[in-house]
Amino acid sequence: MSNGNLSVVKIKSAKVPVDKKQLKLFDGGGLYLLVTAKGGKYWRLDYRFNGKRKTLALGVYPDVSLSDARVYGMQSGRSLILKPHNGEYQRRK
């Protein structure tokens with residue numbers, strides 16, 4: 001899933017540019033770290049469901065490490081492929 005573009009050093013030194021609200025640091029396979037202007041760092045996984053892009057929250061850095069995020073992302077991706085499920089669709093019914 002991941003081609004390992006991110007490193008712990010890159011994550012710790014990540015800062016949002018002054019003219020931006022947030023920054024996305026991509027790791028591959030839809031996994032990325034969302035860095036906010038206030039310093040929050042959130043793991044996200046983008047995937048497609050019925051042709052629409054969806055985002056799954058995996059946790060907050062450093063509570064969820066880089067290696068854990070990669071594992072969670074791989075497990076979540078597999079489960080979405082093997083058993084397509086969309087909680088938003090079920091809630092609306």
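The values are calculated or read from the model by the stated rules, or taken from the named source; none is laboratory data. The structure displayed is predicted, hence computed values, not measured ones. Because the Cβ atoms are built from the backbone with ideal geometry, glycine has one as well, and the counts that use them run over all protein chains shown. When the accessible area is computed, the model is the full protein with side chains, heavy atoms only, and any ligands, DNA or RNA have been set aside. Shrake-Rupley method; radii C 1.70, N 1.55, O 1.52, S 1.80 Å.
Within the assembled protein chains, the solvent-accessible surface assigned to residue 63 is about 130 Å², based on a 1.4 Å probe.
Sorted by accessible area with a 1.4 angstrom probe, largest first, how do 76, 67 fall? Working shown, then result.
On the way: 76 25, 67 70 Å².
Accessible-area ranking of 76, 67, largest first: 67, 76.
A simple packing score, the average count of other Cβ atoms within 10 Å per residue, orders the peptides 68-75, 17-24 as 68-75, 17-24, with the highest score first.
Full extension of the chain between residue 75 and residue 49 gives 7.7 nm of extra length, using 0.36 nm per residue less the Cα-Cα distance.
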